[in-house]
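Structure record follows, encoded as structure tokens.
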Amino acid sequence: MNFNKLPKEAPSSNIEPGLNNLTITEARVEVSKKKGSKMLVVTNMVNGNEKFTIDDYYAVYDKDGNDISFGQYKLGRLLEVTNTIPEGNFELNILPLMLKGKQYIANLINEEYNGKDYLKVGKPDDYAPLGASPTNDTPKEEVTPNSFEKQVDSATAENDEDDDI
């Protein structure tokens, strides 16, 4: 190794903002150090780049145990698009094993932190289920939240037609 040949800048992740296929590689329950909120921390790998992960945070209870509506909504969207549906009442600590390995589509956005741009998972309204399991050389599916809603509406209409038979 030669000091003069070491890179002067961090390597690019080659991950662009926008819709990306994600795989959940880990999930864990934590308590926020700043606010004391109980949350689920989900580590996502961007499909096709196994070395690049993004943590996403789902704060569901405040330090007093009260519901955090947005965090619960966000978690509900994740569970819905990954088809991870616990039955009845459930504890947060059952979700890590249920979520590991699940895939979904999310919009990655840039967020500035300490003068640098970092990618993070965008709004839960932009989550969508992953169609077929892609391989690393498969081009990204052109699935948007709006096209997902159209697929759901179309499937619902087909099911309604089946009821007439």
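What follows is calculated from the coordinates using simple rules that are stated; it is not laboratory data. What you see is a predicted model, and the numbers here were worked out from it, not measured in a lab. Don't worry about glycine lacking a Cβ; one is built from the backbone with ideal geometry, like all the others, and counts go over all protein chains shown.
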Self-check item: the stretch 69-129: GluC sites (Glu not before Pro) falling in loop per DSSP and having at most 14 other Cβ within 10 Å
Solution: GLU87, GLU91
Exercise. Calculate one ³J(HN,Hα) per residue across the stretch 95-107 by plugging θ = phi - 60° into the Karplus curve 6.51 cos²θ - 1.76 cosθ + 1.60, and present them in order as whole Hz with x for glycine and proline.
Key: 6, x, 5, 6, 8, 4, x, 6, 10, 7, 10, 9, 8
Quiz item: Which entries in the list LYS35/LYS102; LYS8/LYS74; LYS34/LYS102; LYS38/LYS102; LYS74/LYS102; LYS8/LYS123 go over 27 Å, if you measure between the two C-alpha atoms of each?
Solution: LYS35/LYS102; LYS8/LYS74; LYS34/LYS102; LYS8/LYS123
Practice problem: Mind giving me the FRET efficiency for VAL29 and ASN2? R0 is 41 Å, r the Cβ-Cβ distance, nearest 0.05 is fine. | Solution: 0.35
